[in-house]
1. Against the conditions (1) without any contact (Cβ under 8 Å) to a residue 24 or more places away in the chain; (2) more than 16 Å from ligand 1 (Cβ to nearest atom), where does GLU180 fall short? Just the number, please.
2. I'm checking my understanding of the structure. Among residues of segment 74-87 that are within 22 Å of ASN310 (Cα to Cα) and open to solvent by 30 Å² or more (accessible area, probe 1.4 Å), which one is nearest to ligand 1 (Cβ to nearest atom)?
3. Kindly check whether there is at least one residue in segment 312-322 that is within 16 Å of ligand 2 (Cβ to nearest atom), open to solvent by 60 Å² or more (accessible area, probe 1.4 Å) and touching a helix residue (DSSP H, G or I) at 6+ places or on another chain (Cβ under 7 Å).
4. Cβ-Cβ distance below 6 Å, separation of 6 or more or different chains: which pairs start in segment 208-226 with a residue that is under 17 Å from LEU249 (Cβ atoms) and end on one that is open to solvent by 100 Å² or more (accessible area, probe 1.4 Å) and modelled with pLDDT of 85 or more?
5. Sort out for me the helices (runs of 4 or more DSSP H) sitting completely within segment 119-226 that have 1 or more residues that are of a type in the set (A, V, I, L, M), under 17 Å from PRO245 (Cβ atoms) and under 20 Å from the mean Cα position of the chain (by Cα).
6. Residue under question is THR159, and the condition is that it be open to solvent by 20 Å² or more (accessible area, probe 1.4 Å) and under 19 Å from MET252 (Cα atoms); does it hold?
7. Does GLY76 satisfy the condition of being free of Cβ contacts under 8 Å to residues at least 60 places away in the same chain, assigned to a loop (DSSP other than H, G, I, E, B), of a type outside the set (A, V, I, L, M) and within 16 Å of ligand 2 (Cβ to nearest atom)?
8. Looking at (1) open to solvent by 10 Å² or more (accessible area, probe 1.4 Å); (2) of a type in the set (Phe, Trp, Tyr); (3) modelled with pLDDT of 90 or more, which is the one condition that is false for PHE167?
Amino acid sequence: MSFFARFLGRKKKPEPEGEAAPGRLSIVGRGPRPASRIWTVGGGKGGVGKSIVAANFGALLAGSGQRTLLIDADFGAANLHTLFGITGSNLSLSSFLKADITDIRRVVTGTGIQDLDIVTGAMDSLNIADMKASYLARLQTAVSELDYDHIVLDLSPGTSPEVLDCFLMSDEGVLVTTPEPTSIENTYRFMKCLFLRRIRAVINSGEPGRLKEMLKAALERDPKISTVSEFIKNFRLSAGGEAAPEEILGGMGAHLIVNRTRLPEDRTIGPHMQRACLSYFGVRFNHLGDICQDTLIEDSVRTRKLLVRNYPGTAAALSLTSCFRKLVSVEQGKVEQKAARGLQQT
Ligand SMILES: Nc1ncnc2c1ncn2[C@@H]1O[C@H](COP(=O)(O)OP(=O)(O)OP(=O)(O)O)[C@@H](O)[C@H]1O
Ligand SMILES: [Mg+2]
């Protein structure tokens with residue numbers, strides 16, 4: 001049996017009594033269907049512009065009449081609030097996750113922008129090593145119960161299980177990379193880890209299901225497989241057209257933004273990565289667009305004035321808005337498809 005098969009088949013250590021079973025809510029079932037649409041912004045590397053994208057997307061959503069909540073889910077170095085010129089508070093996500101506060105609405109504050117609220121991040125830096133599955137389960141349940149049109153989560157960098165599970169909570173997940181090879185490499189790593197996390201959780205889940213059976217069949221087809229790509233090829237073969245690799249991600253839309261583009265060749269990175277992902281994973285990581293390198297973004301952080309609201313019409317604000325519109329139109333397409341399917345069934 002290959003390392004890959006052993007890794008996927010390895011059961012996780014049971015959580016102490018009273019803790020939620022790891023991955024139950026957050027990965028396998030994706031929890032109760034929330035009323036709000038969940039967008040998450042993540043990335044394999046730190047400092048690539050995740051918070052800039054999350055904050056500005058939040059403001060653009062609010063500006064288009066969507067009641068929106070931003071959640072700073074950067075458990076190590078939360079600073080989303082700073083982009084809005086507001087100070088962090090002790091009433092933050094960590095007080096809710098650690099159950100000091102039981103109702104997440106008590107840690108929601110305004111951003112000063114109409115229709116845009118925020119849950120600020122952990123000021124005391126939740127040690128990622130102390131993150132319990134129960135924290136994530138609490139977060140997911142809260143998110144599913146909150147009454148907003150959109151909830152945008154700004155994630156920590158990297159590929160820790162907590163980050164991957166938060167990313168898998170989304171309806172639309174956005175990965176931000178820069179043109180640097182290190183960032184691109186970490187973005188591909190993030191994608192691979194995302195598939196592994198989800199495949200492993202579904203295979204190890206206690207509940208039967210069609211996807212689980214198909215994933216197991218893919219693994220049994222050739223237990224010597226050693227890469228995610230080989231696994232997905234096997235999945236396609238054993239599903240025989242009955243399921244597409246997108247189903248592995250549970251219907252989540254996956255997107256990509258290349259930030260800090262400067263050179264003409266930087267503009268080829270997004271389309272190239274989109275093609276590479278399609279051929280490797282069989283899944284389209286939709287390239288939403290590029291955001292150019294622009295000192296106004298640094299200025300907007302220094303002055304704590306949000307780019308799309310205070311510097312509209314500038315190159316960076318326009319490119320951010322174009323990425324946002326593309327994401328909205330993908331989401332709108334899904335909503336229309338769903339409505340059409342509903343009509344057919346009636
Ligand atoms: N397009 C850009 N042009 C110029 N500067 C940028 C651009 N995007 C981001 N920056 C700079 O990079 C800094 C980091 O951005 P941001 O905080 O959004 O990254 P992050 O990915 O959220 O980082 P972390 O991993 O620490 O959470 C910003 O404060 C800003 O100065
Ligand atoms: Mg950040």
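The values are calculated or read from the model by the stated rules, or taken from the named source; none is laboratory data. Just so we're clear, the structure is a prediction, and the values are computed from it rather than from any experiment. Glycine gets a Cβ as well: all are built from the backbone with ideal geometry, and neighbour counts include every protein chain shown. Only protein heavy atoms, including side chains, enter the accessible area calculation; ligands, DNA and RNA are left aside. Shrake-Rupley method; radii C 1.70, N 1.55, O 1.52, S 1.80 Å.
1. (2)
2. ASN79
3. No, because not a single residue in segment 312-322 is within 16 Å of ligand 2 (Cβ to nearest atom), open to solvent by 60 Å² or more (accessible area, probe 1.4 Å) and touching a helix residue (DSSP H, G or I) at 6+ places or on another chain (Cβ under 7 Å).
4. Listed pairs, sorted by first residue: none to list.
5. Of the helices (runs of 4 or more DSSP H) lying wholly inside segment 119-226, those with at least 1 residues that are of a type in the set (A, V, I, L, M), under 17 Å from PRO245 (Cβ atoms) and under 20 Å from the mean Cα position of the chain (by Cα) span 161-168, 181-204.
6. Yes; evaluated as a whole, the condition is true for this residue.
7. No: the conditions fail for GLY76.
8. So the condition that PHE167 fails would be (1).
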